[in-house]
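Only one structure is covered here, and it is reproduced in the block below.
Derivation of every value follows stated rules applied to the coordinates shown; laboratory data play no part. It should be emphasised that the depicted structure is a prediction, and the values quoted were computed from it without experimental measurement. Cβ coordinates were reconstructed from backbone atoms using ideal geometry, including for glycine residues, and neighbour counts include every protein chain displayed.
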Amino acid sequence: MPEYKWPPMEKRRVVGKRISRLDGIAKSSGKAKYPSDLNLPGTLFGAILTSPHAHAKVKSIDLAAAKAMKGVADIRVVAPAGTEIQWAGAEIAYIAAETEPIARDAMRAIKVDYEVMPHLVREDDLAKAGPRAKAAGEQVTGDPDKAFREADVTIEGSYGIPVLTHCCLEGHGQVVGWKGDKIDYYPSTQNVSGVGGDLARSLSVPVNSVNVKMDYMGGGFGAKFPSDIWGRESAQMSKTAGGKPVKLFLDRAQELTIAGVRPSAYAKVKVSAKKDGTITGWQSDSWATGGVGGGGMAPIPYVFTSIPNKRMNHTAVSTNTGGARAWRAPNHPQASFITCAAFEDLAAKLKMDPTELFEKNLGYTARADVYRKQIAKAKEMIEWSKYWHQRGEGLKTGYTRRGLGMGIATWGGAGHASECRVNVHPDGVVEIEIGSQDIGTGTRTAIAMVVAEMLGLSHTEVKVKLGENIYPPSGASGGSTTIGGVSSSSLKAAANALEKLMEAVAGSLGTTADQLEAVDSTIRVKGNPSKQISWKAACQKLGVKSISETGKNDPKNPGGLNTQGVGGIQMADVTVDIETGVVKVNKIIAVQDCGLVVNPKTAESQVYGAMIMSVCGALMEERIMDEMTGRVMNADMEFYKLAGISDIGEMQVHMDISPEHDKRGVIGLGEPCAIGGVAAVANAVANAIGVRVPTLPVTPDKVLAALYGDKLGRQSLA
């Protein structure tokens, strides 16, 4: 049995190196084809009729005019008479036609009579929620009332983040078609091995009847796991049309309305402390929504678990809006912002450097030591000692004010269940087969690197085959579990295959398999490089038979190849124009650990993307609901604002790579780096202008309101 372990840092030739992603040229040149690029012969095009009302009952549906239109292949009603609609944008009917314009014309020809009912679409004012607000019950630790009575200093504040919507550049959807009793399914998905079974169950057909294929996908962030109603209905329309493929992807308005949101989070917070910054008490009344199902909250205070006296109340608010879906660290950015904002406000009242207050209240666990080192590194990178100042006491340049802020993050990231097969052929070709998906994070490249490391080859000498459910099953890309799962299973599969190859060539080298090693595209005797055989010559010893070996990652017993639990610090440097309220991001710093880093280059790329996402969330993004109509007012890419290249500022990433972290094995990175940046930017604004902008995004109007209230005349700005 081969030994399954990561080679030490000094002996690695591939893993841990800065390697460009294998699919980079294909993507940048347009050669890479996404599911939405697929146009099969005879394809029908889908459209969706949605409800214009946030809360209504369907009284009747008239399909006659739509069915009579030439080119319409099928119409399927999913909300028949009597159905109660819970949000504007909810699906009423699906249409398939010979062209997309015909499908849309048919959609508009359907007549629906509604009984409009009262709705609630905003939750920022909890007093308006009435019976739609469901309290989870009070949680108390210690004696918070005593802590507040005896405190040297107390602060109270209100903080909030609105609902944000998924903005995947490739909308949710698929191309799907029947071939006899089989289904060819080309979805945009984060779950290649599992989504086919999900579709099969919704259609009541055998799980193995659905063939899934997806080479590339255009954004998911946690929202693309199930086959969804649009997958099921498209498959049904294909069957009705004699197996013709049906192509249906949500349009931009639908994508921003019904394809999933990140829940909001609001809280009224009270914090008490000693003069030296030791926090003694925490009290929070929080509420959130993610749609009809309400909204949860990650534990607050976030990360800082050693506060002895706490009282927490949380309320889930049910609204008539599109539902929540997982989004890159569900609930963590919200909890991090609320906690870090309250702590920064406390530090300002104490006239204390917030990084010192953060460090003082981390406790004395091993993870606290990691955070302290990360804070020190981030301060060095952003020149904290040079640019940080007490609120309102920084250098003033005309109407501009500069400030620094910090945010903190934690996450799990253990590897999911995964199975991989490595095939070594007599001609020396190595193929890796795994039912995983590369959602843009560099998974293909990481798998190739791991296998190449074990086989003593270059990462370009192995071929990765993924994106199809005919390959060994691997888990969905969610929870930052992919890299731990696929790296462990592929390492084991490669080790098993190498053992078989060494058994085949050991005799020709006059030794036993356990005395051989794979180095630089050769198989050689350990300690005697003169006795070696090239990789291709070794494979020729196989005759006409290939080696095919599998490896599995068991989440309950990863064997030290992957673990969980990471931390990260982000800091932001901003300039605020107090005349216009415009915030400019000068620089963002991220210091992040994630165990053993397979590829620092793609790891850093993950962090860059998360930092851009944080700028969007801190300064621009919010779903705006019209209370009168119950509709999303900015369900498009013109008014749902995202950061452009000039909005981001300079970004610097430091991957916290060390022998200490290497020993922990591979840990997922996708989510932890998307948590602390929102708090860092918001706190930097508070440091710059001297007052807190309580709710995000920090838009110019909110900056001016925080500074001047109703006194917005020019004479008040000096």
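Quick rundown of the values:
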{"item": "Three-way shape label, the range 408-451, alpha-carbon gyration tensor, a/c 1.5", "result": "prolate"}
{"item": "Rg/Rh for the range 498-568, where both radii come from Cα atoms and Rh is the Kirkwood radius", "result": "1.15"}
{"item": "Pairs of alpha carbons in the range 607-718 whose separation is greater than 21 Å (percent)", "result": "54 percent"}
{"item": "Aspartates and glutamates with Cα under 14 Å of Lys500, excluding same-chain neighbours fewer than 8 positions away", "result": "Glu3, Asp514, Glu517, Glu549"}
{"item": "Residues Lys556 and Ala135, FRET efficiency given R0 of 35 Å [Cβ-Cβ distance, rounded to 0.05]", "result": "0.45"}
{"item": "Cα gyration tensor shape for the range 182-265, rounded if a/c is under 1.5, else prolate or oblate", "result": "prolate"}
{"item": "Sequence of Cys616, Cys340 once ranked by neighbouring C-beta atoms within 10 Å, starting from the fewest", "result": "Cys616, Cys340"}
{"item": "Cross-link reach list, aspartates and glutamates versus Lys396, counting only Cα pairs under 16 Å and skipping chain neighbours closer than eight places", "result": "Asp573, Asp577, Glu579"}
{"item": "DSSP bridge pairs, the range 575-683: antiparallel proportion in percent, nearest 5", "result": "40 percent"}
{"item": "Relative contact order (%) - the chain, alpha-carbon pairs under 8 angstrom, separation at least six", "result": "16 percent"}
{"item": "Dipole-positive endmost among Pro308, Thr83, Val210 within the chain (Cβ charges, Cα centre)", "result": "Val210"}
{"item": "Computed FRET value (nearest 0.05) for Val153 with Ser534, which takes r as the C-beta separation and R₀ as 41 Å", "result": "0.05"}
{"item": "Linear extension gain, Ser204 paired with Lys17, 0.36 nm per residue minus alpha-carbon span", "result": "62.6 nm"}
{"item": "Kirkwood hydrodynamic radius over Cα pairs of the range 66-193, then Stokes diffusion coefficient at 4 °C and 1.567 mPa s, in µm²/s", "result": "61 µm²/s"}
{"item": "Proximal aspartates and glutamates relative to Lys556, as straight alpha-carbon distance under 16 Å, when same-chain residues fewer than 8 apart are discounted", "result": "Glu419"}
{"item": "Over 21 Å (Cα to Cα) - which of Lys59/Lys128; Lys134/Lys268; Lys310/Lys377; Lys213/Lys601 fall in this group", "result": "Lys59/Lys128; Lys310/Lys377; Lys213/Lys601"}
{"item": "Global size of the chain as Cα Rg and Dmax, reported in angstrom", "result": "28.0, 91"}
{"item": "Sorted by Cβ density within 10 Å, fewest first, the residues Leu256, Leu362", "result": "Leu362, Leu256"}
{"item": "Alpha-carbon radius of gyration plus Dmax, which is the widest Cα pair, for the range 216-277 in Å", "result": "21.7, 76"}
{"item": "Rel. contact order, % - alpha carbon contacts under 8 angstrom, at least six apart, the range 350-491", "result": "25 percent"}
{"item": "Antiparallel DSSP beta bridges within the chain, as percent of all bridges there, nearest 5", "result": "80 percent"}
{"item": "Spin-label model distance (nm) - Ala68 vs Leu169, 7 Å beyond Cα toward Cβ", "result": "4.5 nm"}
{"item": "Stokes-Einstein D for the range 169-225, Kirkwood Rh over Cα pairs, 25 °C, 0.890 mPa s (µm²/s)", "result": "212 µm²/s"}
{"item": "Cα pair distances of the range 534-589 binned at 10 Å [whole percent]", "result": "14, 17, 14, 17, 15, 14, 8, 2"}
{"item": "Whole-angstrom Cα spans of the range 508-635 along principal axes, big to small", "result": "81, 37, 29"}
{"item": "Cα gyration tensor, the range 1-142 - rounded (a/c under 1.5), prolate or oblate", "result": "oblate"}
